[in-house]
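The values are calculated or read from the model by the stated rules, or taken from the named source; none is laboratory data. If you're wondering where the values come from, they're calculated on a predicted model, not measured in any experiment. All Cβ positions, glycine included, derive from the backbone under ideal geometry; neighbour counts span all protein chains shown.
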Amino acid sequence: MKYRLAFFILLLSFTTTGFCQTTNGDDTANQVTTVDGIIHALYDAISGPAGQERDWNTFRNLFAEDARMYIAVPDQDSGSVLKSITPEEYAQRNQTRLSDIGFSEEELYRITNTYGAGTQIFSTYESHYTNKNGEEDITKGINNIQLYFDGDRYYIVTIFWDANAKNIQVPDRYLPKDKHTEYQINL
């Protein structure tokens, strides 16, 4: 009997820790129940004017345990190299940097594909920030985002983007026809 109880407690601990995130208030809980909500929460968490701290608790809560962020970084020898970081590493690296440069990113356009519990998103963004010369810079690019839906909420599993977006033209098919155009393809 003792062993059964110990086994049950051990089994329960594994089934309840599949994702380490907890919701931090009703706002975050409501944001992650829809694709639109979690994508807007992602952009909102990292955006803001110079001097404003970012909402890193909300940011962390958006991700699945073991989630990764992949960045294609320019490399003079091979064109680009793939770097991988965790959401926590991203938050630590950008704790003050995004606030210092007044970084804001907004979604311009989205293509969504869903199959079962998985959703793949091409999210075209526009970033505004202050460059090294003190001037405002604007960059467009694409965040390739994968989501997992557990039946109650969405979790970000991966985000991939090209850090050389400033030098890459976003193809017309990934740009809005008007400000609020969104194509959604569900398989």
Query raised in the report: Does the stretch 118-126 contain any residue that is closer than 15 Å to L42 by Cβ, within 14 Å of the chain's Cα centre (by Cα) and of a type in the set (D, E, K, R)?
Result: no
Report summary line: Note: among I145, I185, I159, I168, just one is surrounded by fewer than 17 Cβ atoms within 10 Å (Cβ to Cβ), of a type in the set (A, V, I, L, M), touching a strand residue (DSSP E or B) at 6+ places or on another chain (Cβ under 9 Å) and modelled with pLDDT of 85 or more, namely I168
Query raised in the report: Restricting to the stretch 60-74, what's the tally of residues that are surrounded by 14 or more Cβ atoms within 10 Å (Cβ to Cβ) and more than 11 Å from Y155 (Cα to Cα)?
Result: 5
Query - Evaluation of G51 against (1) at pLDDT 85 or above; (2) farther than 29 Å from I111 by Cβ; (3) touching an Asp or Glu at 6+ places or on another chain (Cβ under 8 Å) (one fails), failing number - result: (3)
Query - Given (1) farther than 21 Å from I168 by Cβ; (2) assigned to a helix (DSSP H, G or I), index of the condition P49 fails - result: (2)
